[in-house]
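S.K.: Before I ask anything, here is the structure I am working with.
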Amino acid sequence: MATGKPLTRSAQLTPFSHDHHEGLLFVWKIREGLRKNVSLQVINDFINWFWKNHLEAHFRAEEQSFVSHFAPDDLLITKMITEHDAVRGLVDRVPGNSYDDIASLATILHDHIRFEERELFPYIEKKLTEKELDEMRGNLEHEISCSSEWHNEFWK
């Protein structure tokens, strides 16, 4: 339930939350491209670029950071992995994605980011010790970054 208040995030998970902002911006750009009837090729190229330069590393960092701290059948961790796999499945189809596939990708990723911010991260912050959170952050500082820029601003 949205309260209008910004979510407070531990310092250890803040890099992931910053990434989530980039992910939501990515979703917005895709939706703008769809609204403006930008060609499938351009949007699929953008999806592929974002995956290779940002999202793939983000997913890997989350999985490497979080999974080892929880039981294999933990419901929220399992949900995270299932949703990552759903996004991977749509990205793997690039450049064969249709407009419907792209719209689905945007929705799945948007909802996934909201799930992580509103449910998974508070759960992690509650379940892990400060030391475990610190170790996790130490392992990801170098992992999350976008190494190149996209220059076709099709969403404008």
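S.K.: Any residue in segment 95-113 that is more than 19 Å from residue 45 (Cβ to Cβ) sitting within a Cβ distance under 7 Å of a residue that is of a type in the set (Gly, Ala, Ser)? List the pairs, counting only those 6 or more apart or interchain.
M.R.: 108/86; 113/23
S.K.: Restricting to segment 144-153, name every residue that is surrounded by 15 or more Cβ atoms within 10 Å (Cβ to Cβ) and either within 18 Å of residue 59 (Cα to Cα) or at pLDDT 95 or above (or both).
M.R.: Once the filter is applied, which keeps residues that are surrounded by 15 or more Cβ atoms within 10 Å (Cβ to Cβ) and either within 18 Å of residue 59 (Cα to Cα) or at pLDDT 95 or above (or both), segment 144-153 yields 144, 146.
S.K.: Being on the phi < 0 side of the Ramachandran plot, part of a helix (DSSP H, G or I) and either hydrophobic (A, V, I, L, M, F, W, C) or in contact with a Gly (Cβ under 6 Å, 6 or more places away or on another chain) (or both): is that true of residue 106 here?
M.R.: So residue 106 passes the test.
S.K.: Any residue in segment 42-60 that is closer than 17 Å to residue 21 by Cα sitting within a Cβ distance under 6 Å of a residue that is modelled with pLDDT of 95 or more and in a helix (DSSP H, G or I)? List the pairs, counting only those 6 or more apart or interchain.
M.R.: 50/26; 59/84
S.K.: Quick one: would you say residue 77 is under 23 Å from residue 149 (Cβ atoms) and within 18 Å of the chain's Cα centre (by Cα)?
M.R.: no
S.K.: Here is a further query. Taking into account only those residues within segment 85-116 that are buried (at least 18 other Cβ atoms within 10 Å of the Cβ) and under 13 Å from the mean Cα position of the chain (by Cα), which is nearest to residue 63 (Cα to Cα)?
M.R.: Filtering first and then ranking leaves 116.
S.K.: To continue, here is another question. Which residues, counting only those in segment 69-84, are touching a helix residue (DSSP H, G or I) at 6+ places or on another chain (Cβ under 9 Å), acidic (Asp, Glu) and either in a helix (DSSP H, G or I) or loosely packed, with under 13 Cβ neighbours inside 10 Å (or both)?
M.R.: Within segment 69-84, 83 is the sole residue that qualifies.
S.K.: Do the conditions hold for residue 81, that is, is it under 19 Å from residue 31 (Cβ atoms), of a type in the set (Val, Ile, Thr) and touching a residue at least 12 places away in the same chain (Cβ under 8 Å)?
M.R.: In short, no.
S.K.: Let me confirm something: among 131, 126, 156, which residue is in a loop (DSSP other than H, G, I, E, B), modelled with pLDDT of 90 or more, exposed (fewer than 13 other Cβ atoms within 10 Å of the Cβ) and not hydroxyl-bearing (Ser, Thr, Tyr)?
M.R.: Unique residue meeting the criteria: 156.
The values are calculated or read from the model by the stated rules, or taken from the named source; none is laboratory data. For clarity, every value in this text was computed on a predicted model and none was experimentally measured. We place every Cβ from the backbone using ideal geometry, glycine too, and count neighbours over all the protein chains shown.
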